[in-house]
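Each remark here refers to the structure printed beneath this line.
The values are calculated or read from the model by the stated rules, or taken from the named source; none is laboratory data. Because the structure is a prediction, the values reported are computed rather than measured. For neighbour counting, all protein chains shown are included, and Cβ atoms are generated from backbone atoms with ideal geometry for every residue, glycine included.
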Amino acid sequence: MRKWNKLLALLLAMVMALGMTCVALADEEGGDAEETVPAFELTEDVDGAIVILHTNDVHGAVDGYAKAAALKAMYEEAGAAVYLMDAGDFSQGETSVSVSQGATAIELMNMAGYVAAAPGNHEFDYGYENLTTLAGAAEFPILAANVTYEDGLAFEANLTLETEDGVKLGVFGLDTPETASKAHPGKIKGVSFAGGKDLYAVAQAQVDELTEAGCDYVICLGHLGIDDETAATANRSIDLLGEVTGIDVFIDGHSHSTLEQVLEATEGTGKVGETYLTSTGTKLANVGVVTIKDGGITVSSVAAESITVAEDNEIAARAAEIIAEIEEEYGATFATSEVNLNGEKAPGNRTEETNLGDLITDAMLWYATKDGEDLGVPAENVIAVTNGGGIRAPIAAGDICKNDINTVLPFGNTVAYVTVSGEALLEVLEASTFCTPTAVGGFPQVAGIKFTIDTMKAYDQGGLYGETTYYAPKSINRVTIDEINGKAFDSEASYVVVTNDFLATGGDTYYALTESPSIVDTGMALDEALMSYITEVLGGKVSSDYAEPAGRITITGYSDVTSDRWFFGAVSYVLENKLMDGLTAGTFGPSEDMTRAVLVEALYRLAGSPDVTGENPFSDVADDASYKNAVIWASENDIVGGYADGTFKPEDSVQRQQIAAILYRYAGSPDADAVDMSVYADADSVQAYAAGAMNWAIANSLIKGDNNGNLTPRATATRAQVATILQAFAPIAPEAPANTEAPVADKAA
């Protein structure tokens, strides 16, 4: 970010707050200018309606509060009863709120007229006591029915609102149980977050209480989210709504999901059961709108850039003033970067090594060792690790100011170091990559170490780490440490891990660090250490040496096969047993159609890849094709035949009934107990040539009906489905196929 003077910052911030969409001029090549986003106009009749406007995951985008307030005024002028609410993570993110530890966010939310907010996990970044201070300053209640402090509720559980027409809204709040893992353990002592079945019970109790109190509609402000990272613990909003009834609208946060993403997650309905689920993304890009009128509910969102704000708006002016004050203190350039530094989540700091992760951990390692202090282990046994979830923004090539660094590292963490055994270090890396390549905040960015993650090996889940939502590994399966500062790794040696104070006290997936006999907090702010490294070691310039990640972390496996997918075990099986290969170096293609060539090659490998002496009879199987021997073998053994025109059609997709027939022939066409196929609605669509094979495949649980009671025999099978079938077939397959006779038409099928 380039240095702004105070006046310029104020003017630019005002432009943003006034909702004036920037219009780009034609570029040097004569390109067209960008079109101005049309101003939002309220066209529906909302007279007498109840309208809930909502935000979530604002993360310091303070220039948007004036827009939310303007939209509120617009609906009120149209005759609606309007309530503005937030679903959490309002007090952390940009320096505009993080420097004040959330106080500026509360100030602007008061001005905008919020009536309720749920806390997000980031509301606890500055500690429970700070959040209670914010709650005291708020002119609206903080609602969190599942958060307790010592022996009682930490905040209010619910709120009842009543319109002039006597309609009652019951509103209750929930915060993600992941806060127990994502907030600094030392800052939330005594605070508990009900999760799983306990979370469901709390929610149902709130619904029942509000309903019994005569509420006509029940609204939940829930900072739970719908992302895959939370799926393992079943603490997502969609998990809760599968167990809790009576919520009319669930306003969600945490996963930064847009309304479009919510629709995708709910198969286009926008509902789970009878409950409407909605969310607005992040950074106040949108304002959510829930309209209740004539007993009906509609859910929508309005792009913030389309909302116009009056020039004399007090909220916009105060937001601009806050931004200008930050720029005056934090906006001065202190360094430059020749490269873009990756601050993305996924793919990025939560899924893989990044150049920004390298830069930060290099700075941490340098700071802890720069004075030559004896850390209790040989210098070559000192490494650095930080969590990818703690890296919150990118740094663009160009000038760098303090504000950029503070936005990347907004939590106020300090540099700490922990002495651990090599065995404990392995556990830390295994636990913090348990779901890779699925994103996780604990993903380690490192310096002084090289290690490999094999994503095709399952995480051997043990018991929960303390009060967190993460599980310890029972064994080390996925991670191998390749070297420590160029030397061989020794699991029995002692190592010093330079990290941040959050991880040193067991945050995220790093609970094993708390068992260290030596934990030292240097007190040095992590962002200050990074700035010192850039100026003192790099001479004020992040050079092209950081253009790409340094190769410290190697990830093997496939990005589209993650441990939470139904086919993970089967795909792992066929890969480990070399029955199938990936489509590319990084993908398996589980949803791609299975082809004839790949299927016969898998069976050929299952048979031990026997020698082939026959000639290639097919005109479309090239002599250099990787599957040529498999096709010849399958043809010679009457497992799969060709077509009348002399072709094999290796790239053709394979139907489910064809797979059954091919496996049946491989097995020698064995007898099988008769199956009553009439129980399947589409049993008549099985072709005659495959009837016996389908009977055999069903009897051996190789092929099953779908949830609608259909066999879908003529549907093409995906690679993941065939992997599942092969895993079930391998234990009953003969060592080598019997040579069977089958009509040519059957073979061609």
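All conditions in (1) more than 25 Å from the chain's Cα centre (by Cα); (2) modelled with pLDDT of 95 or more hold for residue 186, with the sole exception of (2).
Cβ-Cβ distances below 9 Å connect the following pairs, each with a first residue in the range 555-576 that is within 16 Å of residue 352 (Cβ to Cβ), a second residue that is part of a strand (DSSP E or B), and a separation of six or more residues or different chains: 555/452; 555/453; 555/454; 556/452; 556/453; 556/454; 557/453; 557/454. Scanning the range 103-113 for residues that are touching a residue at least 40 places away in the same chain (Cβ under 8 Å) and either part of a strand (DSSP E or B) or not aliphatic (A, V, I, L, M) (or both) yields 104, 107, 113. Does residue 343 fit the bill of being surrounded by fewer than 22 Cβ atoms within 10 Å (Cβ to Cβ) and touching a Leu at 6+ places or on another chain (Cβ under 6 Å)? Yes, satisfied. Only residues that are within 31 Å of the chain's Cα centre (by Cα), small (Gly, Ala, Ser) and in a strand (DSSP E or B) were counted across the range 43-101, and they come to 0. Is it fair to say residue 192 is in contact (Cβ under 8 Å) with a residue 12 or more places away in the chain, out of contact with any Cys (no Cβ under 6 Å at 6 or more places or on another chain), among the hydroxyl-bearing types (Ser, Thr, Tyr) and surrounded by fewer than 20 Cβ atoms within 10 Å (Cβ to Cβ)? Here the answer is yes, as residue 192 does meet what is asked.
The lone criterion from (1) assigned to a loop (DSSP other than H, G, I, E, B); (2) surrounded by 22 or more Cβ atoms within 10 Å (Cβ to Cβ); (3) modelled with pLDDT under 95 left unmet by residue 25 is number (2). When residue 663 is tested against (1) among the aliphatic types (A, V, I, L, M); (2) modelled with pLDDT of 95 or more; (3) within 30 Å of residue 556 (Cα to Cα), exactly one condition is not met: (3).
If you go through the range 335-382 and pick out every residue that is closer than 30 Å to residue 420 by Cα, touching a Lys or Arg at 6+ places or on another chain (Cβ under 6 Å) and not in a helix (DSSP H, G or I), you end up with 1.
The condition (being at pLDDT below 95 and either assigned by TED's automatic domain parsing to the domain that holds residue 383 or closer than 23 Å to residue 185 by Cβ (or both)) is satisfied by just one residue among 495, 465: 465. Looking at residue 350, is it basic (Lys, Arg) and either in the same structural domain as residue 91 (by TED's automatic domain parsing) or surrounded by fewer than 22 Cβ atoms within 10 Å (Cβ to Cβ) (or both)? In short, no.
No other residue among 462, 466 is surrounded by fewer than 19 Cβ atoms within 10 Å (Cβ to Cβ) and more than 18 Å from residue 563 (Cα to Cα) apart from 466. Here the condition is being at pLDDT 95 or above and either in contact with a Leu (Cβ under 8 Å, 6 or more places away or on another chain) or not assigned by TED's automatic domain parsing to the domain that holds residue 194 (or both); of 542, 520, it holds for 542 alone.
Evaluation of residue 646 against the conditions (1) in contact with a Pro (Cβ under 9 Å, 6 or more places away or on another chain); (2) in contact (Cβ under 8 Å) with a residue 24 or more places away in the chain; (3) crowded, with 16+ Cβ neighbours inside 10 Å shows that the sole unmet condition is (3). Screening residue 651 with (1) at pLDDT below 95; (2) in contact with a strand residue (DSSP E or B) (Cβ under 6 Å, 6 or more places away or on another chain) gives one miss only, at (1).
Here 282, 266, 258 are screened, and the one residue that is surrounded by fewer than 24 Cβ atoms within 10 Å (Cβ to Cβ), in contact with a Leu (Cβ under 7 Å, 6 or more places away or on another chain) and hydroxyl-bearing (Ser, Thr, Tyr) is 266. Within the option set 171, 147, 202, being out of contact with any Gly (no Cβ under 7 Å at 6 or more places or on another chain) and surrounded by fewer than 24 Cβ atoms within 10 Å (Cβ to Cβ) holds for one residue only, 202. Scanning the range 544-561 for residues that are over 19 Å from residue 445 (Cβ atoms) and out of contact with any helix residue (DSSP H, G or I) (no Cβ under 7 Å at 6 or more places or on another chain), we see that the one that is surrounded by the fewest Cβ atoms within 10 Å (Cβ to Cβ) is 544. Here residue 622 passes the criteria (1) touching a residue at least 12 places away in the same chain (Cβ under 8 Å); (2) more than 19 Å from residue 726 (Cβ to Cβ); (3) surrounded by fewer than 17 Cβ atoms within 10 Å (Cβ to Cβ); (4) of a type outside the set (Asp, Glu) except the one numbered (1).
Just give me the residues in the range 189-205 being on the phi > 0 side of the Ramachandran plot and not in a helix (DSSP H, G or I), in sequence order. The answer is 190, and nothing else.
Counting only strands (runs of 3 or more DSSP E) that sit wholly inside the range 114-188, not one has at least 1 residues that are free of Cβ contacts under 8 Å to residues at least 40 places away in the same chain and assigned by TED's automatic domain parsing to the domain that holds residue 390. Considering only residues of the range 235-289 that are more than 16 Å from the chain's Cα centre (by Cα) and basic (Lys, Arg), which is farthest from residue 172 (Cα to Cα)? Restricting to residues being more than 16 Å from the chain's Cα centre (by Cα) and basic (Lys, Arg), the top hit is 283.
Taken over the range 606-628, the criterion of being of a type in the set (Phe, Trp, Tyr) and touching a Gly at 6+ places or on another chain (Cβ under 7 Å) is satisfied by 618 alone.
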